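Below: the structure, in structure tokens.
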Amino acid sequence: MSETLLDVRGLSCPLPVLKANKALRALATGDHLRVLATDRASSADFRSFCRETGHALVAFGEEAGVLSFVIRKKSEEPV
């Protein structure tokens, strides 16, 4: 399992979620994506995104106005 960092600070909704979705596609099942964002709407956006896609939001925090989300990629669907 590895962790990839995605810095979307300064971007507004819906760009943080769209960029995270694209980054998750390149990761292996179980890998983590840490997203750094400053858009306050990202908190609700990432919760909804994970609920709808099946990825797991495993951690959330805020420090000095920067929101941090850790998302674990779900297992791939059989084709």
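Considering only L33, L11, L67, the mean-square fluctuation computed in a Gaussian network model of the chain, springs between alpha carbons under 10 angstrom, is largest for L11. A 1.4 Å probe run over the protein chains yields, for the chain, 60 Å² of accessible area per residue, whole-number rounding.
Go through R9, R72 and list them by solvent-accessible area, largest first, probe radius 1.4 Å.
Details: R9 120, R72 100 Å².
Result of the area sort, largest leading: R9, R72.
The GluC sites (Glu not before Pro) of the chain meeting both criteria, a DSSP state outside H, G, I, E and B (loop) and at most 10 other C-beta atoms within 10 angstrom of the site's C-beta, are E76. Were the residues from R51 through E76 laid out at 0.36 nm apart, the gain over their Cα-Cα distance would be 7.4 nm.
Under the rule a/c < 1.5 gives rounded, and otherwise a/b versus b/c splits prolate from oblate, where does region 1-43 land using the Cα gyration tensor? Prolate, since a/c reaches 1.5 and a/b exceeds b/c. Counting only DSSP beta bridges with both residues in the chain, the antiparallel share comes to about 70 percent.
Relative contact order for the chain: what is it in percent, counting Cα pairs under 8 Å that are at least 6 residues apart?
Working: 136 pairs, mean separation 26.2, N = 79.
Relative contact order of the chain: 33 percent.
Calculated from the alpha-carbon coordinates, the chain shows an Rg and a Dmax of 11.8, 43 Å respectively.
Out of the total accessible area of the chain (probe 1.4 Å, heavy atoms of protein only), what percent is carbon and sulfur? It is 53 percent, rounded to a whole number.
The values are calculated or read from the model by the stated rules, or taken from the named source; none is laboratory data. Everything numeric in this text was worked out from a predicted model, so none of it was measured. Note that each Cβ is placed from the backbone with ideal geometry, even for glycine, and that neighbours are counted across all protein chains shown. For the accessible areas, the whole protein counts, side chains as well, though only heavy atoms, and no ligand, DNA or RNA atoms are used. Shrake-Rupley method; radii C 1.70, N 1.55, O 1.52, S 1.80 Å.
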